[in-house]
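To start, the structure under review is shown below, and the notes come after it.
The values are calculated or read from the model by the stated rules, or taken from the named source; none is laboratory data. Predicted model, so just to flag it, every value in this text is computed and none were measured. Note that each Cβ is placed from the backbone with ideal geometry, even for glycine, and that neighbours are counted across all protein chains shown.
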Ligand code: HEM
């Protein structure tokens, strides 16, 4: 199963062009959802206003070369490794989900646009990557969902309590789970069921990509922008109008030792 391109098998019943149109529709939904979110929250407007204000408060001018180096460092360190989440389970779970999803999406697009036909042989690494990507997303996502969510871990809500904020993570893990089940059923020739799970896989994608406006999907675009802006503000001395860190020793009192800190 792991060596089979499920989209090539699917092309016997569903024309490749339909699959490709589906992918293009999903990309369009992400763009529309993100633009609607930006208009509704006015976050990008605020972001640029803030950046302009920071520029006025800058204590030193940073050159184009310095700016490029800050952007490259932020991408390599903070964005690609989500260092914001500190060292620990939360970061490992996020990296599994993030890279799993990226691998799954890239291999889906390649297999659908280049190899969704039984006449073309798919290099085996693409289906392998597709299955591994889905598995990594499930691993990171279920770990986060059952054990790491703040409202479950720190606020003692039961794991089955679902709120709107869960739309993104749930749609993400359900999509990957359904992809794996569909691939298994198709490979095992369990006919009617594979069609049912293909339909469910399609619907879960519609929820994931169509739900951008209501979910946390767009954080994958906002977070990198915010990290770059924060580091630029640090370098030019404007520091988002925040004071410098204190040079006094940390004194939190004995209460701090009662419970080990949890990083959210
Ligand atoms: C394909 C890219 C990405 C995927 C699939 C992804 C996935 C997720 C998921 C499923 C969550 C949990 C959402 C929830 O609170 O319910 C999450 C949270 C988060 N993501 Fe991402 N993410 C991606 C990119 C990024 C990037 C680029 C950054 C930062 C530079 C980032 C930073 C965060 C942070 C700080 C949280 C909160 C984590 C927590 O509460 O434990 N993510 N992400």
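Here are the numbers for the structure shown:
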{"read-out": "Test set (1) closer than 20 Å to residue 52 by Cβ; (2) part of a helix (DSSP H, G or I) - residue 237 fails condition number", "value": "(2)"}
{"read-out": "Only one of 95, 80 that is more than 9 Å from the ligand (Cβ to nearest atom) and modelled with pLDDT of 95 or more", "value": "95"}
{"read-out": "Scan of segment 49-72 for residues that are loosely packed, with under 13 Cβ neighbours inside 10 Å and within 25 Å of the chain's Cα centre (by Cα), ordered by number", "value": "68, 72"}
{"read-out": "Any hit, segment 37-48, residues being exposed (fewer than 10 other Cβ atoms within 10 Å of the Cβ), touching a residue at least 24 places away in the same chain (Cβ under 8 Å), in a helix (DSSP H, G or I) and within 23 Å of the chain's Cα centre (by Cα)", "value": "yes"}
{"read-out": "Residues of segment 99-126 that turn out to be under 21 Å from the mean Cα position of the chain (by Cα) and either surrounded by fewer than 17 Cβ atoms within 10 Å (Cβ to Cβ) or free of Cβ contacts under 8 Å to residues at least 60 places away in the same chain (or both), as a count", "value": "8"}
{"read-out": "Residues of segment 1-36 classified as more than 19 Å from residue 216 (Cα to Cα) and part of a helix (DSSP H, G or I), total", "value": "15"}
{"read-out": "Only one of 212, 169 that is part of a loop (DSSP other than H, G, I, E, B), buried (at least 16 other Cβ atoms within 10 Å of the Cβ) and in contact (Cβ under 8 Å) with a residue 24 or more places away in the chain", "value": "212"}
{"read-out": "Index of the failed condition, residue 129 passing every other in (1) free of Cβ contacts under 8 Å to residues at least 40 places away in the same chain; (2) within 13 Å of the ligand (Cβ to nearest atom)", "value": "(2)"}
{"read-out": "Selection within segment 132-166 - touching a helix residue (DSSP H, G or I) at 6+ places or on another chain (Cβ under 9 Å), within 9 Å of the ligand (Cβ to nearest atom) and in contact (Cβ under 8 Å) with a residue 24 or more places away in the chain", "value": "137, 140, 141, 144, 145, 148, 165"}
